[in-house]
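S.K.: To start, I am sharing the structure in question, which I have written as structure tokens.
FYI, it's all coordinate maths here, none of it is from the lab. Quick caveat: nothing in here was measured; it's all calculated off a predicted structure. Every residue, glycine as well, gets a Cβ built from its backbone with ideal geometry; the counts of neighbours run over all protein chains shown.
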Amino acid sequence: MKTLRETLADADARRVAVGHFNISELGALKGIFAAARELQLPLLIGVSEGEREFIGVRTAAAIIKSMREEYGYPIFLNADHTHSLEKAIEAAKAGFDEIIFDNSSLPLEEDIRNTKEAVAAIRAIDPSIVIEGEIGYIGANSEVMDAAPEHIALSTPEEAARFVAETGVDVLAPAVGNMHGLLKTMVAGTAHKELDIALIGKIKEAIAALPANAQGGGRWMTLHGGSGTEDREFTEAAKAGMTIIHVSSELRLAWRRGVEQGLREMPDEIAPYKILPPAIEGIRAIVADRLKLFNGLE
Ligand SMILES: [Zn+2]
């Protein structure tokens, strides 16, 4: 079975993207895993600081490791948007496969300095952990919003290359027209996010020209805030050089709608595992659809 690093190298070579989906509880994990297994595709599970506090940092790591071993399946765990060194160290010690150190709310100089420090600290615990850093601002919450957050700006190939070279990260998350969360118009289906596919290509070219870091990484990119992106742009983004694509808000929405449906259909039921199936199925269907797009299937 491939490691996460090998999985990313393979996806990069084929210009497809590994799907990254967030969970807060086991029902969502069940739906996500069912979709990935159906398609026999590798999988990254993400837990933000809030999500992993809820599940338990070590519990989350133990669950994913146990599934990987039980099913012999390439399923990996990412500490999504980790804002402090302390929480990055906690995730590294718990056995996470990937850690996103996100200080992108700070000016670039400070972002570089702090990320570099985090890379050294994580590598000292386990050099096999894949480390991602983030530049630019794309909003901070996986929520449904009335309007886009202010100060969203696009990253440049120059700052991307500088960030990767100076920090030594394995993966870069740039701002390329993507945004965390969903607008109400996107939920209604009357609007979509618009990615700058040409910019993705240019940033990819700039970082691919750098020498690989000591772990053989440094040339991969992640698209955050994938929810609400137009179908064809997912495939184009992967082809242009996005090796990981994150989807979270859409799954949260499907979870809520599914739970509401379960409660409506079974007003007297109290067993959670009998109420949750519509939520699990809703999540499974979205993940299957997205994974096909990330891999140019259909
Ligand atoms: Zn994100």
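S.K.: Starting from the Cα of Glu298, step 7 Å along the direction of its Cβ; do the same at Glu158; then give the gap between the two resulting points in nm.
M.R.: 4.3 nm
S.K.: Hey, another quick one. Return the Rg/Rh value of the stretch 39-101, two decimal places, where both radii are evaluated on C-alpha atoms and Rh is the Kirkwood radius. Mind dumping the intermediate values first?
M.R.: Values: Rg = 11.4 Å, Rh = 11.7 Å.
Ratio of gyration radius to Kirkwood radius for the stretch 39-101: 0.98.
S.K.: I want to verify a result. In a Gaussian network model of the chain, Cα cutoff 10 Å, which of these has the top mean-square fluctuation: Ile270, Ile64, Ile245?
M.R.: Ile270
S.K.: Over the Cα atoms of the stretch 4-294, what Rg and Dmax result, in angstrom?
M.R.: 18.1, 61
S.K.: If you don't mind, there's one more thing I want to ask. Plugging the Kirkwood radius over Cα pairs into Stokes-Einstein for the stretch 91-136, at a temperature of 4 °C and a viscosity of 1.567 mPa s, what D comes out in µm²/s?
M.R.: Working: Rh = 10.7 Å.
Answer from the Stokes-Einstein relation: 121 µm²/s.
S.K.: Students often check this: by mean Cβ neighbours within 10 Å, which of 210-219, 288-297 ranks highest, and how do the rest follow? Could you put the intermediate results ahead of the total?
M.R.: Values: 210-219: 15.0, 288-297: 19.9.
With the highest mean Cβ count within 10 Å placed first, the list reads 288-297, 210-219.
S.K.: On to the next question. Using r as the Cβ-Cβ distance of Glu25 and Asp289, and R0 as 22 Å, what FRET efficiency do you calculate, to the nearest 0.05? Mind showing how you got there, number by number?
M.R.: Details: r = 22 Å, r/R0 = 0.98.
Approximately 0.55, to the nearest 0.05.
S.K.: Taking every DSSP beta bridge with both residues inside the chain, roughly what % is antiparallel (nearest 5)? Spell out each step's value before the answer.
M.R.: On the way: 0 of 30 bridges.
Beta bridges within the chain, antiparallel portion: roughly 0 percent.
S.K.: Right, here's the next one. Counting alpha carbon pairs within less than 8 Å and at least 6 residues apart, what relative contact order, in whole percent, applies to the stretch 59-111? All intermediate terms of the calculation are to be shown ahead of the outcome.
M.R.: On the way: 56 pairs, mean separation 16.3, N = 53.
About 31 percent, as a whole number.
S.K.: Using just the alpha carbons, could you tell me how many Å³ per residue the convex hull of the stretch 33-157 encloses? Mind showing how you got there, number by number?
M.R.: Values: hull volume 17.7 nm³, N = 125.
Each residue corresponds to 142 Å³ of Cα convex hull volume.
S.K.: Here's another thing I want to ask about it. Roughly what angle does helix 197-208 make with the longest principal axis of the chain, taking Cα atoms, 0 to 90 degrees, to the nearest 10?
M.R.: 50 degrees
S.K.: On to the next question. Starting from the coordinates of the alpha-carbon atoms of the stretch 1-41, obtain the Kirkwood hydrodynamic radius over all distinct pairs and give the value in Å to one decimal.
M.R.: For the stretch 1-41, the Kirkwood estimate is 11.5 Å.
S.K.: How far is helix 85-94 tilted off the main Cα axis of the chain, in degrees rounded to 10, range 0 to 90?
M.R.: Between the helix axis and the principal axis of the chain, the angle is about 60 degrees.
S.K.: Pop a pseudo-label 7 angstrom from the Cα along the beta-carbon direction at both Lys93 and Arg232 and give the gap in nm to one decimal.
M.R.: It works out to 5.1 nm between the two label points.
S.K.: For the stretch 142-248, what percent of Cα pairs sit more than 25 Å apart?
M.R.: On the way: 1281 of 5671 pairs.
Everything past 25 Å amounts to 23 percent.
S.K.: Follow-up question, since we're still on this one. Sorting check: for 187-194, 124-131, which peptide has the highest mean count of neighbouring beta carbons within 10 Å, and how do the rest follow? Don't skip to the answer; put the middle values down first.
M.R.: Working: 187-194: 12.8, 124-131: 16.5.
The densest-packed peptide leads the list: 124-131, 187-194.
S.K.: Quote the FRET efficiency, to the nearest 0.05, computed for Arg113 versus Phe54 with a Förster distance R0 of 51 Å and r equal to the Cβ-Cβ distance.
M.R.: Numbers: r = 31 Å, r/R0 = 0.60.
About 0.95, to the nearest 0.05.
S.K.: Here's another thing I want to ask about it. Mind pulling the angle between the C-alpha long axis of helix 231-240 and the longest principal axis of the chain? Nearest 10 degrees, somewhere in 0 to 90.
M.R.: 30 degrees
S.K.: Sticking with this structure for a sec: Per the helix-only calculation at 222 nm, which mean residue ellipticity applies to the chain, given -39500 (n - 2.57) for every DSSP H run of n ≥ 4 and division by its residues, nearest 500 deg cm²/dmol? Could you put the intermediate results ahead of the total?
M.R.: Values: 13 runs with 151 residues, N = 298.
Only helices count here, giving -15500 deg cm²/dmol.
S.K.: Choose one of Tyr71, Ile135, Val287: the residue whose Cα lies farthest towards the positive end of the charge dipole of the stretch 4-294 (beta-carbon charges +1 Lys, Arg; -1 Asp, Glu; about the Cα centre).
M.R.: Highest projection toward the positive end goes to Tyr71.
S.K.: Packing-wise, with mean Cβ within 10 Å as the measure, how do 22-33, 256-267 rank, highest first? Could the numbers behind the result be given before it?
M.R.: On the way: 22-33: 22.0, 256-267: 13.6.
The densest-packed peptide leads the list: 22-33, 256-267.
S.K.: Neighbouring Cβ atoms within 10 Å as the yardstick, rank Trp220, Trp255 fewest first. Walk me through the intermediate numbers first.
M.R.: Details: Trp220 26, Trp255 22.
Sorted ascending by nearby Cβ count, the order is Trp255, Trp220.
S.K.: Tell me which lysines have Cα within less than 18 Å of Lys193's Cα, excluding those fewer than 8 residues away on the same chain?
M.R.: Lys193 reaches Lys184, Lys239.
S.K.: For the pair Glu6 and Glu69, what calculated FRET efficiency results from E = 1/(1 + (r/R0)^6), where r is the Cβ-Cβ distance and R0 = 22 Å, to the nearest 0.05?
M.R.: Values: r = 17 Å, r/R0 = 0.78.
The formula returns an efficiency of 0.80 here.
S.K.: Shifting gears a bit: Take the alpha-carbon centre of the stretch 88-102, take the same for the stretch 103-124, and report the distance between them in whole Å.
M.R.: The distance from the Cα centre of the stretch 88-102 to that of the stretch 103-124 comes to 14 Å.
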